[in-house]
Amino acid sequence: MRIKLLFNYKNLNQKLNQIKFIKELFGLGLKEAKDTVDSGEFIPQCECDGNIVEMIRSNSNANIEVVILSLHKKQKKHFN
C-alpha cells in the first residue's frame, strides 16, 4: 500500500526521534532524513505492508501520523 507520513513535533527531542526512526526504517542518510522531517510530510517510494504501518504507528517516541493513500490489490481485467 502507498502511505504518506506526517511529522508534527512538539519539541526538539521528538524531532530527533522522528529523524532517527525515518533514517533507520527507510535507509535514508542523516541530512535526507532531517530534510524529510523538516518538510512535514514524506511519501515513501516503496510499497509498505501492514507491518510497517503498525510499526510506525506504535512508535510513541516518534509520534508520526500515517495516512493510507491507496491499497494495491491485484485486479483481474476481464475483456469481452
Dipole of the chain [Lys/Arg +1, Asp/Glu -1 at C-beta], most positive-end residue of 52, 21, 62: 52
Average projected area [Cα convex hull, the chain], square nanometres: 6.0 nm²
Contour minus Cα-Cα distance for residue 20 and residue 63 (0.36 nm per residue): 14.3 nm
Near-label residues of segment 1-38 by backbone N, under 18 Å of a point 7 Å along Cα→Cβ of residue 49: 1-3, 25-27
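How much of the accessible area of the chain, in percent, comes from carbon and sulfur atoms when a 1.4 Å probe is used? Display every interim value, and only then the final one.
Values: 2940 of 5840 Å².
C and S fraction of accessible area: 50 percent.
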Cα-based helix-to-principal-axis angle, 30-39 vs the chain, degrees rounded to 10: 80 degrees
Rounded accessible area per residue of the chain, 1.4 Å, Å²: 73 Å²
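The values are calculated or read from the model by the stated rules, or taken from the named source; none is laboratory data. Predicted model only: the values in this text are computed from it and were never measured. As a convention, Cβ positions derive from the backbone with ideal geometry for all residues, glycine included, and neighbour counts pool all protein chains shown. SASA here: full protein model, heavy atoms, side chains in, ligands and nucleic acids out. Shrake-Rupley method; radii C 1.70, N 1.55, O 1.52, S 1.80 Å.
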